[in-house]
Amino acid sequence: MIEINSFLNTFDIVVLAAGKGSRMQSGTLSKPMHLLNGITLIEYLLLNLPLKNFNNKIAVVSSEYENIKSKINNIDNEFAYVVQNNPKGTGDALSRSLKNLKSKYVVVVNSDVPLITQSTYLNLMKNHENNNLTLSFIQDNLSDSIPGDLGIVTKSNDGRIKSVKEKSRSHFESESENTNQFNVGVYCFDVQWLRKIIGNLSTHSNGEKYITDLIEMSYKQGLNLDAYYPKYSDESIGINDNYELSFANNIARHRKNKQLMMKGVIIVDPLSTYIDYNSDVEKGTVIYPGTHIKGNSIIGKNCNIGPNAEVYDSIVGNNSIVNHSVIKKSKLGKKVHIGPFSHIRQFSDIRNDVFIGTNVEIKNSIINSKTKLGHYCYIGDSVIGELVNIGAGTVTCNYDGDKKHKTNIKSKAFIGSGTMIVAPITIDEGAKIGAGSVLTEDVQKNSLVYGVPAKKIKDLS
């Protein structure tokens with residue numbers, strides 16, 4: 001176990017997040033803002049960094065950095081920002097951050113390698129500090145399981161790390177000095193040495209300066225450098241295009257599913273189940289194939305979710321069922337049954353023991369406890385009381401072509417199948433509405449109404 005305090009005031013961190021990601025072909029969306037397991041690449045990276053171990057935190061960003069800044073600040077508001085107005089490579093980005101460094105060592109990480117785990121960072125730092133290294137970096141073995149063109153590590157005849165060549169794996173077999181290792185994109189430097197040497201970085205034909213050139217420079221100086229392997233090979237994937245992003249998403253999704261299964265969640269088919277980083281599922285819940293749990297969703301204990309369900313930014317209470325249905329920005333209480341093929345739209349509040357049948361749509365409504373909705377209902381902009389029974393095919397007609405209007409159905413009311421409820425309207429407690437009625441006026445307590453338009457038939461009290 002690595003003690004957090006052992007590194008405090010020893011390491012700074014520089015996050016390189018100025019890349020435009022032109023190979024992503026995503027228009028104005030920068031690479032760090034692409035989504036990985038439901039959060040941005042920059043957020044995923046920061047959440048896996050041991051941020052408490054860094055005395056000083058710097059992010060190198062482009063001139064259009066406000067969106068990235070907001071994401072970083074949501075996780076850690078102690079970052080300082082260095083703007084790289086005219087990006088000229090990783091070496092140029094690092095040189096711009098030097099004035100902000102205060103500690104003996106600095107960790108430098110590219111924002112497009114978000115899968116590195118916290119334990120790998122800590123072990124890299126421990127190895128660097130204990131061996132008093134000038135430079136160290138994370139490397140991994142070339143493998144068909146890791147996509148992309150990668151910087152190849154070269155070694156001298158005596159086995160010392162010599163350089164990193166910005167060449168693809170296609171050059172691996174053609175050049176004898178190449179090894180089967182590649183550079184991942186995470187480095188540790190002695191800050192004092194870095195200040196002295198970084199001004200000697202040369203500019204390549206593309207107008208850029210590379211951090212990797214520092215490796216060859218340290219080798220030529222005969223300095224103490226080393227490379228460290230990550231704990232797991234799937235940490236090493238860099239993201240430069242949409243294929244690599246998809247690959248990384250599969251890994252992140254597997255990690256999330258494994259985390260949940262280890263605490264008692266049953267995921268029937270992890271390969272077809274997508275649960276975002278910020279969502280959580282409690283033990284005893286069964287997630288069936290084809291289910292997507294997105295955003296900041298929370299699923300309670302002993303629920304059945306799916307198959308083919310989508311829960312987005314919603315809360316689902318204990319012992320609930322969501323079958324082939326969509327829940328968006330809503331709250332479900334305990335023992336709620338939804339679907340199949342129903343849609344609970346934004347700002348709905350479904351209380352305990354509510355039953356919602358097949359092909360029901362609910363929007364911006366409160367459904368109180370022990371109420372039942374038959375199939376093919378539409379309930380919009382409504383407040384439904386407790387123990388209400390709403391028959392199949394009932395529709396709240398809440399939009400008059402100009403404005404939305406409220407429907408209020410109070411406790412123990414009974415709405416017959418195929419009823420049209422024209423809002424604004426109140427149906428009082430214990431009222432009963434005959435099947436096929438069209439309601440255009442308020443209904444009194446404990447009264448029976450029927451017809452088109454509906455008229456009072458009798459008093460039930």
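Keeping to the stretch 166-192, report how many residues are modelled with pLDDT of 65 or more, surrounded by fewer than 18 Cβ atoms within 10 Å (Cβ to Cβ) and touching a Ser or Thr at 6+ places or on another chain (Cβ under 6 Å).
Count: 0.
Counting only residues that are hydroxyl-bearing (Ser, Thr, Tyr) and modelled with pLDDT of 85 or more, which one in the stretch 131-160 is surrounded by the fewest Cβ atoms within 10 Å (Cβ to Cβ)?
Ser156
Could you check the stretch 107-120 and list, in sequence order, the residues that are hydroxyl-bearing (Ser, Thr, Tyr) and buried (at least 24 other Cβ atoms within 10 Å of the Cβ)?
If the condition is that a residue be hydroxyl-bearing (Ser, Thr, Tyr) and buried (at least 24 other Cβ atoms within 10 Å of the Cβ), then Ser111 is the only one that fits.
Taking into account only those residues within the stretch 279-312 that are of a type in the set (A, V, I, L, M) and within 24 Å of Asn359 (Cβ to Cβ), which is surrounded by the most Cβ atoms within 10 Å (Cβ to Cβ)?
Val311
Go through the stretch 382-398 and report how many residues are surrounded by fewer than 18 Cβ atoms within 10 Å (Cβ to Cβ) and under 35 Å from the mean Cα position of the chain (by Cα).
1
Restricting attention to the stretch 246-290, and to residues there that are of a type in the set (Gly, Ala, Ser) and part of a helix (DSSP H, G or I), which single residue is farthest from the chain's Cα centre (by Cα)?
Ser272
Quick one: in the stretch 209-227, of everything that is surrounded by fewer than 16 Cβ atoms within 10 Å (Cβ to Cβ) and not in a helix (DSSP H, G or I), which residue is nearest to the chain's Cα centre (by Cα)?
Taking the candidates together, the pick is Asn224.
Considering every residue within the stretch 141-149, establish whether at least one is hydrophobic (A, V, I, L, M, F, W, C), farther than 20 Å from Met217 by Cβ and in contact with a Phe, Trp or Tyr (Cβ under 6 Å, 6 or more places away or on another chain).
The answer is yes; a qualifying residue exists.
Just to be sure before I move on: is Ile267 of a type in the set (A, V, I, L, M, F, W, C), out of contact with any Gly (no Cβ under 9 Å at 6 or more places or on another chain) and not assigned by TED's automatic domain parsing to the domain that holds Ser297 in the structure I sent?
no
The values are calculated or read from the model by the stated rules, or taken from the named source; none is laboratory data. On a predicted model such as this, the values are computed, not experimentally measured, just so you know. Cβ sites come from the backbone with ideal geometry, for glycine too, and all protein chains shown count toward neighbours.
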